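Working notes for the structure below.
Where a number appears in this text, it was derived from the coordinates with a stated rule and is not lab data. Remember, it's a predicted structure, so these values are computed and weren't measured experimentally. FYI the Cβ positions are ideal-geometry reconstructions off the backbone, even for glycines, and counts take in every protein chain you see.
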Amino acid sequence: MANKNGFVVFDKQTNIIHRTDDKKMRWVWLISLVLSIVAFLYLIPNSVYNLSPLIFSILGAAISMLFLIQFFYNFRNIQDYHDKVEHGNDTKFKILAVSSIPLAFILYMTFSMNFAFDKSNEIEEYGMKTEGTIISANVTNIRRKTGSGKVFYAKVKFVTENGKTIISEEQITEEDYKNLIIGQQIELSYSIKDPKLIKLKMK
């Protein structure tokens, strides 16, 4: 009742400060959420995304989740957040806390798959076939609250039709990673718009 009338209330029993809801800020968070999703889905060029699809997908998921949480709870500061976590009994907060991990994973997969789809379309439309040489292979370890995983990459060197030497990296499966031989020749397709966008033809 006090909050609805514009008063800030200090609850001595729980040491929580109850502030009035700033609806204008909620609109700011909502607009920021929409813009962040649009940016990571449509505005970031494939050439930029290709520098590190994993990092960009995680970054997009983290930023979008931050704006989503702020839209629901509009935390003023860290202390406000700790008060809600330690003393809050709001059902909305509990639901958001439980669902944050799967929501973040869904956003990560959305950004990652969207890039893979756009990349595939670009190579299909502007692709040029050639042969390259596998020069290295590496593994990136991913640690999450839900468990750990690995992402496998192959680095290939090839020459474009214009005589330009390109070194690019492509994500591959664990089985393909085990079968790779450094120095082997491999067929690939690259985008003439951005030769660093490649698709390896794995056997």
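Which value in nm describes the separation of the simple spin-label points at L103 and V159, placed 7 Å from the Cα toward the beta carbon?
Here the modelled spin labels are 5.4 nm apart.
Starting with the highest mean, order 164-173, 193-202, 23-32 by the number of other Cβ atoms within 10 Å, averaged over the residues of each peptide.
193-202, 164-173, 23-32
When a/c is below 1.5 the answer is rounded, else prolate if a/b is larger than b/c, else oblate, so apply that to the stretch 19-62 with a ≥ b ≥ c taken from the square roots of the Cα gyration tensor eigenvalues.
prolate
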